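**Student:** One structure, pasted below without further comment.
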Amino acid sequence: MKSFRYFLLLTLVSAPAGAGTLAQFRTILGDIEVELYDQDKPVTVQNFIRYVQSGRYRDSILHRCPVNPISGLSDFVVQGGGIWVSNRGTTNAALQLVPGFGDIANEFGIGRQFSNVYGTIAMAKRAGDTNSANSQWFFNLKNNSFLDGADTNNLFVVFGRVVGGTNVLNQFIGRAYNNGIVDLGGLISELPVNYSGPRPPTYDDLFYVDVTLLSLQARAAANGAAEISWNSVSNRINFLEFTTDFPRSWQTLLNTNGTGGVLTITDSTPGHARRFYRVRVEY
């Protein structure tokens, strides 16, 4: 069954209205597309968006993919948002900690409660400190509902879910030391890499994550027209819709196959001082 996600609502004359956000995690294995729970976990989502928009996730890597102590294979989470590579692509490249904006309040009990099940994204935090989420996040690779436990070691806040790209997520399941994971000690003792074997990794062997947001912008153009642009979702039908009514009655302005890049169109006949736009993506 097809479902539709609604992302980012704007008007030419008013401030943005809440309608959800789509985050795209681009990797060498493909894209992971995530619906963020703006309405239910506002502090957590805005914290994540702040890191994306500030560029602090630029050149960041997936730095943790724990193995099961019994099977010796990864089947738990894959984690990012904590380490980036400075001077990437040069001889001066170095691993650095992502600069933090400070800890945020735990929102597990705010809004709807979401369990740490397969395909969700949650904030990492320090053990024993409920309100210590900062920059790091993780994808659940299986149903980890024990992370919902009401104690200081758990209450991990789920703030979104994968709506496209689970095939990419699944490629971090079944890895082992010297077979897609290496131990470099400390924070990178469970480092996923893009090769098999015991050799130390190069910077090209790391899993970089480019995180972008589906953002829609509308600006006035000549003769009362409106120029609409947004970061399109690749290989999906992107529906650009508008409304002038309250309660809203949405009409399709156009539908087009997304490229993954910025699409721009002109709405030449707005016909109303307050015209709202949204992008609808089919999954």
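Only the coordinates and a few stated rules stand behind these numbers; no lab work does. Predicted, not measured: the structure shown is a model, and the values here were computed from it. Cβ coordinates were reconstructed from backbone atoms using ideal geometry, including for glycine residues, and neighbour counts include every protein chain displayed.
**Student:** Applying 1/(1 + (r/R0)^6) with R0 = 41 Å to the Cβ-Cβ distance of residue 184 and residue 117, what FRET efficiency is obtained, to the nearest 0.05?
**Tutor:** 0.85
**Student:** Just report the Cα centroid separation between region 207-246 and region 36-61, whole Å.
**Tutor:** Each part's Cα centre sits 19 Å from the other's.
**Student:** Tell me the angle of helix 42-54 to the major Cα principal axis of the chain, expressed in degrees between 0 and 90 and rounded to the nearest ten.
**Tutor:** The answer is roughly 90 degrees.
**Student:** Between residue 222 and residue 204, what length comes free when the chain is fully extended (0.36 nm per residue of separation minus the Cα-Cα distance, one decimal in nm)? Provide the component values of the computation, followed by the final result.
**Tutor:** Details: separation 18, 0.36 × 18 = 6.48 nm, distance 4.69 nm.
Length gained between residue 222 and residue 204: 1.8 nm.
**Student:** If you add up the charges near residue 136, with Lys and Arg at +1 and Asp and Glu at -1, over every other residue whose beta carbon is less than 11 angstrom from its beta carbon, what do you get?
**Tutor:** +3
**Student:** Tally Lys and Arg at +1 and Asp and Glu at -1 over the other residues with C-beta under 13 Å from the C-beta of residue 48: what net charge comes out?
**Tutor:** Around residue 48, the charge tally is 0.
**Student:** Which one of 125, 41, 142 has the biggest mean-square fluctuation once the chain is modelled by GNM with Cα springs under 10 Å?
**Tutor:** 142
**Student:** Counting only other residues whose beta carbon sits under 11 Å from that of residue 89, what net charge do I get with K and R as +1, D and E as -1?
**Tutor:** Net charge in that neighbourhood comes out at -1.
**Student:** Answer rounded, prolate or oblate for region 33-148, using the Cα gyration tensor with square roots of eigenvalues a ≥ b ≥ c: rounded when a/c is under 1.5, else prolate when a/b is larger than b/c, else oblate.
**Tutor:** Note, shape of region 33-148 comes out oblate.
**Student:** Stokes-Einstein D for region 173-280 at 37 °C, 0.692 mPa s, Kirkwood Rh over Cα pairs, in µm²/s? Please report the intermediate quantities before stating the final value.
**Tutor:** Values: Rh = 17.5 Å.
Estimated diffusion coefficient is 188 µm²/s.
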